[in-house]
1. I'm checking my understanding of the structure. Among residues of the range 162-215 that are among the hydroxyl-bearing types (Ser, Thr, Tyr) and assigned to a loop (DSSP other than H, G, I, E, B), which one is least open to solvent (accessible area, probe 1.4 Å)?
2. So how many residues does the range 77-102 have that are assigned to a loop (DSSP other than H, G, I, E, B) and either buried (at least 24 other Cβ atoms within 10 Å of the Cβ) or without any contact (Cβ under 8 Å) to a residue 12 or more places away in the chain (or both)?
3. Given the conditions (1) in a loop (DSSP other than H, G, I, E, B); (2) modelled with pLDDT of 95 or more; (3) crowded, with 24+ Cβ neighbours inside 10 Å, report the number of the one that MET56 does not fulfil.
4. Restricting attention to the range 103-129, which residues are of a type in the set (A, V, I, L, M), open to solvent by 30 Å² or more (accessible area, probe 1.4 Å) and under 21 Å from the mean Cα position of the chain (by Cα)?
5. Contact list please: Cβ distance under 8 Å, first residue in the range 160-178 and free of Cβ contacts under 8 Å to residues at least 60 places away in the same chain, second residue of a type in the set (Ser, Thr, Tyr), pairs at least six apart or on different chains.
6. Looking at (1) part of a loop (DSSP other than H, G, I, E, B); (2) modelled with pLDDT under 85, which is the only condition THR24 fails?
7. Of the residues in the range 122-161, how many are touching a helix residue (DSSP H, G or I) at 6+ places or on another chain (Cβ under 8 Å), part of a helix (DSSP H, G or I) and of a type outside the set (Val, Ile, Thr)?
8. Pick out the one residue from ASN37, ASN42 that is touching a strand residue (DSSP E or B) at 6+ places or on another chain (Cβ under 8 Å) and not aliphatic (A, V, I, L, M).
Amino acid sequence: MSLFKKKKKHLETTTMDYGVRMITVSKSGSANTEQFNTIRTNIEFSSADEQFKSIMLTSSMASEGKSTVSANLAVSFARQGKKTLLVDSDLRRPTLNATFSIADPKGLTNFLTEKDMPANAVIYKTTVDNLSVMPSGPVPPNPSELIGSRKMAGLIKALEANFDLVIYDAPPLLSVTDAQLISTRVDGTVLVVREGKTEKEALRQAVGLLNHVNAKIIGTIFNDVKGSSGSGYYGYYGYYGYYGKEDKK
């Protein structure tokens with residue numbers, strides 16, 4: 001049972017209609033871009049024993065910036081020379097086709113529902129070297145069923161074999177079960193937390209849901225932090241260290 005019984009809020013649709021801000025493309029030398037490069041480095045070195053082939057980014061609730069972070073982080077990895085694929089696995093509130101201006105794209109939903117469709121048919125190259133994307137495709141009536149299917153599990157393994165890194169932009173944890181399902185099949189999960197937006201109890205519940213399915217939480221990205229210049233920036237923290245610090249307040 002959810003602890004949140006507040007008045008239902010209107011969900012933002014700006015990123016669905018117009019895409020997310022690609023800071024790493026439009027301002028490649030900015031402080032925010034350097035933050036994404038730092039996040040990339042921290043993720044790479046978060047495990048000394050294995051190289052991550054697939055990671056999932058999610059949040060506790062909607063509008064916390066997971067799609068913006070996912071897209072910009074994918075650019076950072078690609079520019080390092082890694083053959084990177086960004087997958088829009090948020091089948092209810094997709095943003096990737098708008099972000100990369102893919103008109104009427106076939107996507108993940110088409111692959112999962114249409115017989116004999118090859119994965120290559122729903123993968124698109126971008127103007128960023130080494131970066132490809134897989135849009136979500138049309139909104140299906142049964143997103144969680146598709147995400148939890150054996151065909152999706154097989155796709156995740158196949159993509160890992162063909163890319164250096166696959167990044168999944170997944171739905172919020174407290175809204176639907178999709179992110180939990182994906183987290184059990186990828187190498188690591190990163191939680192996106194937004195200053196002034198994410199509620200502490202929501203974050204606790206989100207972590208509990210991931211721990212319930214034995215997901216590997218590799219870190220937290222704390223975004224939209226206001227610096228002295230007034231602009232937001234992105235920071236990366238080891239999850240348990242960050243959570244303990246907050247818990248002392």
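The values are calculated or read from the model by the stated rules, or taken from the named source; none is laboratory data. Bear in mind the structure is a predicted one, so any value in this text is a computation, not a measurement. Positions of Cβ are generated from backbone atoms using ideal geometry, with glycine treated the same way; all protein chains shown enter the neighbour counts. Ligands, DNA and RNA are stripped out before the accessible areas are found, and what is left, the full protein with its side chains, is counted by its heavy atoms. Shrake-Rupley method; radii C 1.70, N 1.55, O 1.52, S 1.80 Å.
1. Of everything passing the filter in the range 162-215, THR198 is least open to solvent (accessible area, probe 1.4 Å).
2. Qualifying residue count for the region: 5.
3. Of the numbered conditions (1) in a loop (DSSP other than H, G, I, E, B); (2) modelled with pLDDT of 95 or more; (3) crowded, with 24+ Cβ neighbours inside 10 Å, the odd one out for MET56 is (1).
4. Scanning the range 103-129 gives a single hit, ILE123.
5. Once the first residue is free of Cβ contacts under 8 Å to residues at least 60 places away in the same chain and sits in the range 160-178, its partners that are of a type in the set (Ser, Thr, Tyr) give THR177/SER144.
6. (1)
7. Selection size over the range 122-161: 8.
8. ASN42
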